[in-house]
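Values in this text are rule-based calculations from the coordinates and carry no lab data. Quick caveat: nothing in here was measured; it's all calculated off a predicted structure. Note that each Cβ is placed from the backbone with ideal geometry, even for glycine, and that neighbours are counted across all protein chains shown.
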Amino acid sequence: MGLIGTHISIAGGFDKAIYRGEQLQCEVIQFFSKNQLQWRSSPPTVGQISSFMKAWSESSIFEVLVHASYLINLAASGPLNVKSIRALIDEIYRCQTLGISTLVLHPGSHTDCTLDEGLQRVAVNLARVLEQTEGTDVMIALETMAGQGNSLGFRLEHLGYIMSFLDWDDRLKICLDTAHLFAAGYELRTKESYDRFMKLLDRDFGYYRIACWHFNDSKREKGSRVDRHENLGEGQIGLGIFEMILSDDTWNHIPCVLETPKTGPGDAANLAILRKLRGS
């Protein structure tokens with residue numbers, strides 16, 4: 001069975017995210033390790049690290065993921081390119097310090113070049129980042145995107161190109177987002193379409209390359225390339241895909257993290273739906 005959890009705030013300290021996750025009976029949690037809309041951040045203090053490690057070790061949470069800042073754009077040029085590389089390196093070392101092994105990253109946006117040139121920039125910049133963080137064991141999970149605007153990664157082929165360019169480095173993984181995949185045009189609502197998608201994943205990447213799932217329904221229709229998350233069962237996808245994933249032994253012990261709206265039913269209700277679908 002997949003491990004169920006949600007994205008959590010670190011307001012008040014990293015350890016508070018663990019306590020919030022415990023209150024929601026999460027098995028996994030994800031958080032931003034810093035303000036996701038600011039470049040600068042202070043490194044975690046010894047006290048913060050110690051409190052977090054203690055809280056985590058005493059909790060029932062199996063795994064913690066970090067989502068990298070939305071500001072990072074490895075497809076950018078000029079000063080933004082330099083800032084993005086530095087910020088990603090910093091994010092990796094923050095994860096290493098906190099004992100977290102998976103960092104989820106949006107591949108980037110090709111704002112001043114073609115799509116193919118953007119993919120090459122991402123690959124080249126990732127190579128630099130991996131080289132400069134060679135001593136760490138933090139994995140970068142490239143997230144599948146909806147394809148809104150100039151975003152990259154809305155086709156699995158984009159991620160395949162990047163990984164092939166980097167000779168399938170062991171530290172590169174994939175984060176599959178249900179709403180993003182659906183908005184990008186992947187059909188996921190039937191058993192037949194799910195089976196086809198699974199064969200595609202296995203053929204082109206291997207299941208071991210999947211680090212986690214992001215669970216979201218979609219406000220918009222399939223192929224819209226509009227990134228709008230919705231509460232489970234209230235959007236265009238429905239509940240079937242989540243039941244199929246959670247009942248599939250392929251995803252045993254793989255984090256399945258909610259990024260649904262905090263308004264409306266909220267995390268508790270969405271997590272309850274997942275537990276019911278999983279039969280636990």
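Summing Lys and Arg as +1 and Asp and Glu as -1 over all other residues whose Cβ lies under 11 Å from the Cβ of D177 gives a net charge of -3. Place a label point 7 angstrom from the Cα of D248 along the Cα-to-Cβ direction, then list the residues of segment 1-38 whose backbone nitrogen is under 19 Å away. Label zone hits: 1-5. As a length-normalised measure over Cα pairs under 8 Å and 6 or more apart, the relative contact order of segment 110-217 settles at 28 percent. Is the chain best put as rounded, prolate or oblate by its Cα gyration tensor, with a ≥ b ≥ c the root eigenvalues, rounded for a/c under 1.5, and otherwise prolate when a/b is larger than b/c, oblate when not? It is oblate, given that a/c is not under 1.5 and a/b is not larger than b/c.
Restricting attention to segment 136-280, the count of lysine pairs at 8 or more positions apart or across chains with alpha carbons under 24 Å apart stands at 10.
Computed over segment 1-102, the convex hull of the alpha-carbon atoms projects to a mean area of 6.8 nm². Reported to the nearest whole Å, the Cα centre-to-centre distance from segment 1-43 to segment 208-280 is 18. Residues V129, V82, V122, V46, ranked from the fewest to the most other C-beta atoms within 10 Å, line up as V46, V82, V129, V122.
What net charge do the residues around N81 carry, taking every other residue with its C-beta under 12 Å from that of N81, with Lys and Arg at +1 and Asp and Glu at -1?
After counting each charged neighbour, the total is +3.
Legend: ranking of residues Y208, Y186 from fewest to most surrounding C-beta atoms inside 10 Å; resulting order Y208, Y186.
Based only on other Cβ atoms within 10 Å, what is the fewest-to-most ordering of K199, K262? Mind dumping the intermediate values first?
On the way: K199 10, K262 14.
So the ranking, lowest neighbour count to highest, is K199, K262.
Per-residue ellipticity at 222 nm computed for the chain from its helices equals -12500 deg cm²/dmol, with DSSP H segments shorter than 4 residues left out and the rest contributing -39,500 (n - 2.57).
Once C-alpha pairs closer than 8 Å and six or more residues apart are averaged by separation and normalised to the residue number of the chain, the relative contact order reads 19 percent.
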